[in-house]
1. Could you check the range A:1-36 and list, in sequence order, the residues that are farther than 22 Å from A:Leu76 by Cα, more than 8 Å from chain B (Cβ to nearest Cβ) and modelled with pLDDT of 95 or more?
2. What is the one condition in (1) surrounded by 16 or more Cβ atoms within 10 Å (Cβ to Cβ); (2) within 12 Å of DNA strand C (Cβ to nearest atom); (3) more than 13 Å from the chain's Cα centre (by Cα) that A:Gly59 does not satisfy?
3. Of the numbered conditions (1) away from DNA strand D (no atom under 13 Å from the Cβ); (2) within 11 Å of chain B (Cβ to nearest Cβ); (3) outside any loop (DSSP other than H, G, I, E, B), A:Asp77 fails exactly one; give the number of that condition.
4. Looking only at the range A:19-31, decide whether some residue is of a type in the set (A, V, I, L, M), under 13 Å from the mean Cα position of the chain (by Cα) and more than 12 Å from DNA strand D (Cβ to nearest atom).
5. Scanning for something in contact with a His (Cβ under 9 Å, 6 or more places away or on another chain) and either near DNA strand C (Cβ under 9 Å from one of its atoms) or under 14 Å from B:His12 (Cβ atoms) (or both), does the range B:68-80 turn up at least one residue?
6. Can you say whether B:Ala49 is touching a residue at least 12 places away in the same chain (Cβ under 8 Å) and either in contact with a Lys or Arg (Cβ under 7 Å, 6 or more places away or on another chain) or hydrophobic (A, V, I, L, M, F, W, C) (or both), as far as the supplied structure shows?
7. Do you know which residues across the range B:98-141 are in contact with a His (Cβ under 9 Å, 6 or more places away or on another chain), under 21 Å from A:Arg134 (Cβ atoms) and facing chain A (nearest Cβ under 7 Å)?
8. Does B:Pro70 satisfy the criteria of being assigned to a loop (DSSP other than H, G, I, E, B), out of contact with any Gly (no Cβ under 7 Å at 6 or more places or on another chain), over 25 Å from B:Arg6 (Cα atoms) and at pLDDT 95 or above?
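The values are calculated or read from the model by the stated rules, or taken from the named source; none is laboratory data. Just so it is clear, the structure is predicted and the values come from calculations on it, not from any experiment. For neighbour counting, all protein chains shown are included, and Cβ atoms are generated from backbone atoms with ideal geometry for every residue, glycine included.
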Protein chains: 2
Amino acid sequence: MSTNSRFAVAVHVLSLMAWSGEEPLKSEQVAESVNTNPVVIRRILKELAEAGLVVSQTGSLGGSRLAHDPSETTLLDVYQALEYGGVFSLHRAPPSRDCPVGVNIETVLGDVLLEVDTAVERVLQNITINDVVRRLKPCGASVASKTLEHMGKNGKNGKRQIALPPLRAGAKSRGNGSSRTA
Amino acid sequence: MSTNSRFAVAVHVLSLMAWSGEEPLKSEQVAESVNTNPVVIRRILKELAEAGLVVSQTGSLGGSRLAHDPSETTLLDVYQALEYGGVFSLHRAPPSRDCPVGVNIETVLGDVLLEVDTAVERVLQNITINDVVRRLKPCGASVASKTLEHMGKNGKNGKRQIALPPLRAGAKSRGNGSSRTA
DNA sequence: AACTTTGTAACTATAATGGTTACAAAACGG
DNA sequence: CCGTTTTGTAACCATTATAGTTACAAAGTT
């Protein structure tokens with residue numbers, strides 16, 4: 001019951017990148033597709049980068065793209081990247097220690113919540129970004145070749161951007177999961 | 001990710017009632033065990049009553065107790081009584097209709113979220129309040145007989161309350177699920 | 001009639017999410 | 001080396017959900 005859409009946005013972002021292939025996407029382009037603000041996208045992108053799911057780069061030819069093949073990233077990876085604290089929470093303030101129920105309820109509930117979380121993770125682990133993209137296609141199949149020409153890829157001036165260098169391919173942050181310069 | 005403890009509190013409340021048997025508990029007693037305010041308890045109790053899980057009564061001998069045997073109420077019943085909207089949410093604002101990914105992502109994500117919710121529900125359906133209470137006991141086993149004498153059951157004046165009439169047993173709201181007078 | 005407890009409204013505090021603006025730092029092109 | 005582009009990030013605001021609190025009417029008991 002989360003009232004937040006971060007997981008949905010994250011999956012959307014990654015699917016978009018899988019769809020557009022090697023080419024880095026700018027946060028502005030992504031924001032347009034998601035229908036939100038670029039900073040919101042960058043915030044989520046940051047978490048995904050820290051988890052090693054995407055790689056980003058500043059500069060005029062910059063942007064973000066997937067760090068791995070979309071068939072290698074599962075929704076569980078996404079879920080964990082966002083550091084959700086589990087489906088449910090325990091008591092805000094610890095229950096009474098003077099009540100036989102209060103003393104142990106947290107332990108018992110903890111076991112239950114663990115069972116629930118495990119079930120969720122089992123489901124998410126079996127769905128990859130590639131699966132999501134594949135499920136996406138039947139709907140807009142005909143656009144498959146046009147791909148992202150809708151979005152701002154040809155700038156307002158028509159100066160088309162060329163396929164980019166594989167984003168410092170093989171460079172530094174491979175496997176450590178962070179593309180950050182700090 | 002749910003930053004709320006309503007599910008935990010609800011399970012706590014029901015376990016407490018299961019523990020104390022037929023005897024109605026006052027929201028103040030429950031609040032003491034949960035370590036919160038009686039009104040918070042009454043708010044949750046209201047939702048549980050609407051779902052037919054508890055029965056309440058005003059007046060000096062009033063309070064709330066389980067509507068059914070604790071082995072008949074599952075954690076799924078509790079979950080549904082609280083009307084959680086599912087584990088994850090979709091986009092806050094609808095994604096771009098001009099993007100092949102944006103158009104269909106909500107549909108695909110909806111399927112995924114359904115799978116997740118179903119998995120959660122399957123787990124919750126297999127755990128009853130009675131199970132929780134049973135798991136509770138090994139820890140504070142020795143208190144089993146003292147039960148709730150800790151809590152405010154003997155008033156400050158020592159005037160002990162006697163076992164109550166089975167709360168208008170067999171009366172009105174049986175099965176409709178609501179004990180409310182409106 | 002007096003007392004007790006629930007039901008409920010109203011108000012406040014807190015925290016998470018998300019939207020927005022602003023700007024420094026990094027990367028690139030000329 | 002300079003200007004441009006884009007990310008990274010801080011700062012601020014609006015909205016919403018939860019929960020804590022006070023207060024009181026209505027229902028039930030003695």
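1. A:Pro24, A:Leu25, A:Lys26, A:Ser27, A:Glu28, A:Gln29, A:Ala31
2. Here A:Gly59 meets the rest and fails (1).
3. It fails just one condition, (2).
4. Within the range A:19-31 (the criterion being of a type in the set (A, V, I, L, M), under 13 Å from the mean Cα position of the chain (by Cα) and more than 12 Å from DNA strand D (Cβ to nearest atom)), the answer is no, since none of the residues qualifies.
5. no
6. Here the answer is yes, as B:Ala49 does meet what is asked.
7. B:Cys99, B:Pro100, B:Val101, B:Gly102, B:Ile105, B:Leu109
8. no
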